[in-house]
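As structure tokens, the structure follows; a few thoughts come after it.
The values are calculated or read from the model by the stated rules, or taken from the named source; none is laboratory data. Predicted, not measured: the structure shown is a model, and the values here were computed from it. Because the Cβ atoms are built from the backbone with ideal geometry, glycine has one as well, and the counts that use them run over all protein chains shown. Please note that ligands, DNA and RNA were not included when accessible areas were found on the heavy atoms of the full protein model with its side chains. Shrake-Rupley method; radii C 1.70, N 1.55, O 1.52, S 1.80 Å.
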Amino acid sequence: MRKNGSEELFSVFGNIGRWWGNNKLKKRQEEIDILAINGDKAILGECKWRNELVSVDIIKGLIEKGDIFTQFKQKYYFFFSKSGFDEKAKEMERGNSAIKLFNFDEMIVQ
């Protein structure tokens, strides 16, 4: 919320919340921890509060869930982790400007 409207978020997002619903592509229910939308842009967020590093599989899972939202031309994927990210996840972030990884220290209000 503090960074809404900053260059880091690419836009000002007025609608921010959780999302859960039907994935017609996979024929199952899905949950997304954070969904922020503005016009044809969306941020999808995953929050992990556990004592293990977030893996690339978590990143791929959220990107797959993003396929549900065909109405958004630009999708960004934000990941928040208490314990950090494994090296493959960091490599994926470096190779894709739509992916942002945030460690616990970055989430603390200064």
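Quick notes
- Answer residue from segment 35-59, given it is open to solvent by 40 Å² or more (accessible area, probe 1.4 Å) and part of a loop (DSSP other than H, G, I, E, B) and is nearest to residue 93 (Cα to Cα) among those: 53
- Residue selected from segment 25-34 under the condition outside any strand (DSSP E or B) and among the charged types (D, E, K, R), by the criterion farthest from residue 100 (Cα to Cα): 27
- Test: residue in segment 97-108 that is farther than 20 Å from residue 36 by Cβ and part of a helix (DSSP H, G or I): yes
- Tally of residues being crowded, with 16+ Cβ neighbours inside 10 Å and either in contact (Cβ under 8 Å) with a residue 60 or more places away in the chain or part of a loop (DSSP other than H, G, I, E, B) (or both) across segment 60-83: 3
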